[in-house]
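First up is the structure itself, then whatever we jot down about it.
Readers should treat all values here as calculations from the given coordinates under stated rules, not as data from a laboratory. Keep in mind that what you see is a predicted model, and the values were worked out from it rather than measured. Note: ideal-geometry Cβ built from the backbone for every residue, glycine included; neighbour counts use all protein chains shown.
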Amino acid sequence: RSMLRTLSAMPLAGVVSALPQMARAAEFSYKYGNNLPLSHPLNIRAKEAADEIREKSGGRVDIAIFPNNQLGGDTDMLSQVRSGGIQFFTPSSLVIATLVPVAAINALGFAFSDYAQVWKAMDGDLGAHVRSSIRKIRLYAFDKMWDNGFRQMTSSKGPIQQASDLEDLKIRVPVSPLSISMFKGLGAAPTSLQFSEVYSSLQTKIVDAQENPLPIIQVAKLYEVQKYCSQTNHIWDGFWFIANGAAWDRLPDDLKTIVADGINGAGMRQREDIRKLNDSVQNDLQSKGLTFNAPSPDTFRAALRNAGFYKEWKGRFGDEAWAALEASVGKLV
Ligand code: X2X
């Protein structure tokens, strides 16, 4: 009743112009899920992309964003994007590697030393190799990978100065065979957990340590449940922005261009956000109580070499992918 009264009190022109908008659903209503808090640059730039795509497509493509594991953890979202329950997802290279093993190659321990090497590889042959492998399981990966960052180790037990400090350490790693293999090679006791469970498992001491880039440690407030941060830079990790293959193929070419430009452009800006955060976030985390140290990579690399880690993964990734990686970072074994 009160609704009716409000409507009848509105000037007629207002009602008429409001109606078509309310009635018109987008031609392509797509869902995008991710595992990160809203304040992370990935979500800020993804929202920008969705707004741009909606506008440039004249409302034909509407992408609704479900951040922060609202649709379930990584494993759930990965199966949803495969089945078409959602149309977009941004798994880390570590996580999509459970379906496309070669996708973990950028996360090989201590392979990259800086961003120049990273983007040379991921915007070049190595990235192209991984994207074509992703396409084979009927997912589509957009050209520009988004940045997660160089992963750092945090612990409630003590600073990690060298490989021997990891001995038997109960450390959470993503759902990733490569991460498990690497931390076993370093003598630790790794456990795979989805990101949605990291804060509580550190809080309840199911694990004592975890590893993630500094911007994630900040936005997920992991400093509340950790004391030490050791800047090991042991893995460079990025997010593949992927689409369900059928949902992507269904878009006419003009809309494909608008969607790809929106997402790739936002990805480039997101890389810049992470680069700036990497420079500023340490001060903030120190003021929140984390104690930092910056160990040399030498003892970690030596332990991995002794454990046969590089040899094993060279075999698993294959010669072509390995050669593309070494073209950016130099000889690894
Ligand atoms: O789960 C993690 O640690 C995260 C957020 O870095 C990934 O998505 C791999």
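Where the centre of each part is set by its Cα atoms, how far does segment 40-91 sit from segment 249-276, in angstrom?
12 Å
Report, for the chain, the % of DSSP beta bridges that are antiparallel, rounded to 5.
Values: 18 of 35 bridges.
Around 50 percent of the beta bridges assigned by DSSP in the chain are antiparallel ones.
Among G289, C229, L78, whose Cα projects farthest towards the positive end of the dipole of the chain, with charges put on the beta-carbon of Lys, Arg (+1) and Asp, Glu (-1)?
L78
From the cross-link list K157/K184; K157/K221; K184/K331; K136/K331; K157/K276, which pairs have alpha carbons spaced over 25 Å apart? List each step's numbers first, then the result.
Numbers: K157/K184 18 Å; K157/K221 18 Å; K184/K331 23 Å; K136/K331 29 Å; K157/K276 29 Å.
Check vs 25 Å cut-off fails for K136/K331; K157/K276.
Quick check: residue separation of D249 and S39 times 0.36 nm, minus the Cα distance between them. What number comes out in nm?
Details: separation 210, 0.36 × 210 = 75.60 nm, distance 3.13 nm.
Here the segment from D249 to S39 would lengthen by 72.5 nm.
Between D168 and Y199, what is the label-point separation in nm under the 7 Å Cα-to-beta-carbon projection?
Spacing of the two 7 Å Cα→Cβ label points: 3.2 nm.
Based on Cβ point charges of +1 for Lys and Arg and -1 for Asp and Glu, what charge dipole magnitude is obtained for segment 236-333 about its Cα centre, in debye rounded to the nearest 20?
380 debye
Which of R82, R45 has the fewest other C-beta atoms within 10 Å, and how do the rest follow up to the most? Could you put the intermediate results ahead of the total?
On the way: R82 17, R45 21.
With the sparsest Cβ surroundings first, the list reads R82, R45.
Could I have the simple spin-label model distance between D261 and T291, label points 7 Å from Cα toward Cβ, reported in nm to one decimal?
Output for this residue pair reads 5.3 nm.
Please arrange W236, W322 by counting, for each residue, the other beta carbons lying within 10 Å of its beta carbon, fewest first.
Details: W236 26, W322 21.
Fewest-to-most Cβ neighbours within 10 Å comes out as W322, W236.
Listing R172, R138 from the residue with the fewest other Cβ atoms within 10 Å to the one with the most, what is the order? Let's see the in-between values first.
Values: R172 24, R138 13.
Starting with the residue having the fewest Cβ neighbours, the order is R138, R172.
Over all Cα pairs of the chain, how is the pair count split among 10 Å bins, expressed in % and running from 0 up to the last occupied bin?
Result, from short to long distances: 6, 25, 32, 21, 9, 5, 2, 1 percent.
I need the shape label for segment 268-333. Rule: rounded when a/c is under 1.5, else prolate if a/b > b/c, else oblate, with a, b, c from the alpha carbon gyration tensor. If you can, show how the numbers build up before the last one.
Numbers: a/c = 3.55, a/b = 1.62, b/c = 2.19.
Note, shape of segment 268-333 comes out oblate.
Return the distance in nm (one decimal) between the two label points of a simple spin-label model at D143 and T299, each offset 7 Å from Cα along Cα→Cβ.
Result for the modelled spin labels: 4.5 nm.
Please report Rg over Rh for segment 160-224, where both radii come from the alpha carbon positions and Rh follows the Kirkwood definition. Provide the component values of the computation, followed by the final result.
On the way: Rg = 11.4 Å, Rh = 12.0 Å.
Reported Rg/Rh (Cα atoms, Kirkwood Rh): 0.95.
Does segment 172-313 come out rounded, prolate or oblate by the C-alpha gyration tensor, with a ≥ b ≥ c the root eigenvalues, rounded set by a/c under 1.5 and, if not, prolate when a/b is larger than b/c and oblate if not?
Prolate, because a/c is 1.5 or more and a/b exceeds b/c.
222 nm [θ] for the chain, helices only, -39500 (n - 2.57) per DSSP H run of 4+, per residue, to 500? Walk me through the intermediate numbers first.
On the way: 15 runs with 161 residues, N = 333.
Estimated from H runs of four or more residues: -14500 deg cm²/dmol.
Quick test of the membrane-span-like rule: which DSSP H helices of the chain reach at least 20 Å along their long axis (C-alpha atoms) with mean Kyte hydropathy at least 0.5? Intermediate values should be presented prior to the final figure.
On the way: long enough: 41-56 (22 Å, -1.11); 253-287 (49 Å, -0.90).
Correct list, ordered by number: empty.
Suppose the chain between K136 and E55 were pulled fully straight at 0.36 nm per residue; how much longer would it get relative to their current alpha carbon spacing? Provide the component values of the computation, followed by the final result.
Numbers: separation 81, 0.36 × 81 = 29.16 nm, distance 3.15 nm.
Using 0.36 nm per residue and subtracting the Cα-Cα distance, I get 26.0 nm.
How long is the gain from R316 to K184 if the chain were fully straight, where each residue apart is worth 0.36 nm and the alpha carbon distance is subtracted? Intermediate values should be presented prior to the final figure.
Working: separation 132, 0.36 × 132 = 47.52 nm, distance 1.68 nm.
Residue separation times 0.36 nm, minus the Cα-Cα distance, leaves 45.8 nm.
Would you kindly calculate the mean projected area, averaged across all directions, of the convex hull enclosing the Cα atoms of segment 105-213, in square nanometres?
Values: hull surface 30.4 nm².
The Cα convex hull of segment 105-213, projected and averaged over all directions, gives 7.6 nm².
List, largest first, the extents of the alpha carbons of segment 22-114 along their principal axes, each in whole Å.
Principal-axis extents of segment 22-114 (Cα, largest first): 52, 30, 21 Å.
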